[in-house]
Each structure stands twice: as structure tokens, then as C-alpha cells.
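Any read-out appearing in this document is the output of simple, stated calculations on the displayed coordinates, not a laboratory observation. Source: prediction; values computed, not measured. Note that we place each Cβ from the backbone using ideal geometry, even for glycine, and neighbour counts take in every protein chain shown.
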Amino acid sequence: QVQLVESGGGLAQAGGSLRLSCEASGRFFRFNPVGWYRQAPGNQREFVASVTATGSTNYADSAKGRLTISRGNTKNTVYLQMDNLKPEDTDVYYCYIQGSRVDWGQGTQVTVSS
């Protein structure tokens, strides 16, 4: 079973930046698509960004131009660089890995003040 641990969330001002990290256990991490979703209380999880094993990326329209997903070079890690933050980016952000099933992290809170 893969375990995912997110970090890097917190409080930021509008226009600022945060970098979320997700570190995974498991030897298959490098060979599977990974990415990020977001979720507000009472809402469904929404796709944010993903990256394949070969480095191809995909973004939600709201993320394009401001958020950048990347894999770590030497660790089982995926990052989400969040720039030019907006109050509407406030949510809990979850990383995932897609194998024979989808495994999720516990989430990290991002709060952006205006």
C-alpha cells in the first residue's frame, strides 16, 4: 500500500506563493501518474493538476498559468508550486497516485487571505 504525506500548506496573502509537497512510499511511485485535487467542506473533490510518469502535465483551467506541478528528481515526491495566490484557492489540497487503485494523502490546508 502506498502512503502519501502532504506538507507545505498554510496561510498566505493574495498574490503570494506556497509550495506543496507530497512524499510517497512505495517503489512504483515513479511509474504512475500523480497529482493534486482540492476540496472544500461539503463539496466534491476537484481536479487541480497531474503529471504522468513521462512528465506530461495537465491542469484545471483555474490552475493554468499560476500553479505548476512537478516531480522530484531523486525522491518519491510531487510538488505543486502555487503562485499569484487568490482567496478562491483556499481549500484542502490532496495528492494522489493512480495505480490499480487511487491512493490519497491526508490533505494539507491552504488559506489565502485578501
Query raised in the report: Considering only the other residues whose Cβ falls under 14 Å of the Cβ of residue 111, what net charge follows from Lys and Arg at +1 and Asp and Glu at -1?
Result: -1
**Report entry** Two-site label geometry, residue 14 and residue 53: point separation in nm, points 7 Å out along Cα→Cβ
**Finding:** 4.3 nm
Report task. Provide the packing ranking of 78-85, 2-9, 13-20, i.e. peptides ordered by the mean count of other C-beta atoms within 10 Å per residue, highest first. Result -> 78-85, 2-9, 13-20
Report task. Could you work out the relative contact order of the chain, using alpha carbon pairs under 8 angstrom and six or more residues apart, expressed as a whole percent? Result -> 37 percent
Requested in this report: Could you go through the stretch 91-107 in sequence order and give the Karplus-derived ³J(HN,Hα) for each residue, using 6.51 cos²θ - 1.76 cosθ + 1.60 with θ = phi - 60°, rounded to whole Hz, and x for Gly and Pro?
Outcome: 4, 8, 10, 10, 9, 8, 10, 9, x, 5, 9, 9, 10, 10, x, 8, x
